[in-house]
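Q: Supplied in structure tokens, the structure appears directly below.
Laboratory data are not the source of any read-out in this text; all were calculated from the coordinates shown. Note that the structure is predicted; figures quoted are calculated from it, not measured. Positions of Cβ are generated from backbone atoms using ideal geometry, with glycine treated the same way; all protein chains shown enter the neighbour counts.
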Amino acid sequence: MAKKDPLKQLRDENPANNELMGRMMALQAEPDYVAAVVAASLLDHSLQQALLARFTPLSDSKQNALFLDASNGPLTSLAAKNRVAHAIGMYGPSTSNDLDSIRAIRNTFSHAKVAVTFATPAIADKCRKFELLPRHYLPDTISETSPKQLF
């Protein structure tokens, strides 16, 4: 069996929950584009782990066939993972909509040819329209919360 590429090993390593939360909190100090791309990547990973917890136990090769791009897996993208998770009842439409917005914001940061930040009106507006977080966790302070913090 071929030895796994060390960079792929690092990419695929599963962080502990406290490490994951620490990384998310540390992103507030990072440039906006770093925060957007890394936070969405961590969210994508967490969603993949949640899906795997709901699936029948799968071998590594079957997981790779589902989730890895090299295998043209059907669940390689955040959008696909979100659609399946919503379809199997892991969460409702508000969460699905918020995840789709996060994906769109991440893609904007990743592919924009001009400088964008969380203060860019279209991005700030999208963040302020998140349904789940503001309603459940920040109902009294939503107007004081920055788009980056909402993200």
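Q: List, in the order given, every pair from Lys3/Lys113; Lys62/Lys113; Lys81/Lys129; Lys8/Lys148; Lys81/Lys148; Lys81/Lys113 whose Cα-Cα distance in the structure shown is over 32 Å.
A: Values: Lys3/Lys113 38 Å; Lys62/Lys113 37 Å; Lys81/Lys129 21 Å; Lys8/Lys148 29 Å; Lys81/Lys148 23 Å; Lys81/Lys113 27 Å.
As for pairs spanning more than 32 Å Cα to Cα, those are Lys3/Lys113; Lys62/Lys113.
Q: Would you mind finding the longest exposed-site-free stretch of the chain, with exposed trypsin sites (Lys or Arg not before Pro) meaning DSSP loop and at most 16 other Cβ atoms within 10 Å?
A: Details: sites that count: Lys3, Lys4, Lys113, Lys129.
Counting only loop sites that pass the neighbour cut-off, the longest clear stretch is 5-112.
Q: Going by how many other beta carbons lie within 10 Å of each one, how would you line up Asp98, Asp69, fewest first?
A: On the way: Asp98 21, Asp69 8.
Starting with the residue having the fewest Cβ neighbours, the order is Asp69, Asp98.
Q: With an 8 Å Cα cut-off and a minimum separation of 6 or more residues, compute the relative contact order for region 14-142 in percent. If you can, show how the numbers build up before the last one.
A: Numbers: 78 pairs, mean separation 28.0, N = 129.
With pairs under 8 Å counted, the relative contact order is 22 percent.
Q: In degrees between 0 and 90, to the nearest 10, how far off the longest principal axis of the chain does helix 32-54 point, with axes built from Cα atoms?
A: Tilt of helix 32-54: around 50 degrees.
Q: Still on this structure, I have one more. Show that you can apply the helix-only estimate: for the chain, add -39,500 (n - 2.57) for every DSSP H stretch of four or more residues, divide by all residues, and state [θ] at 222 nm to the nearest 500.
A: Details: 9 runs with 95 residues, N = 151.
Result for the chain, helices only: -19000 deg cm²/dmol.
Q: Which of rounded, prolate, oblate describes region 30-150, given a ≥ b ≥ c as roots of the alpha-carbon gyration tensor eigenvalues and a/c under 1.5 marking rounded, otherwise prolate only if a/b is larger than b/c? Kindly include the intermediate steps, with their values, before the conclusion.
A: Values: a/c = 2.65, a/b = 1.54, b/c = 1.72.
Judged from the Cα gyration tensor, region 30-150 comes out oblate (a/c at least 1.5, b/c at or above a/b).
Q: Between region 89-127 and region 17-36, what's the alpha-carbon centroid distance in Å?
A: 16
Q: Please arrange Ser41, Ser61 by how many other C-beta atoms lie within 10 Å of their C-beta, fewest to most. Please report the intermediate quantities before stating the final value.
A: Working: Ser41 13, Ser61 8.
The order, fewest Cβ neighbours first, is Ser61, Ser41.
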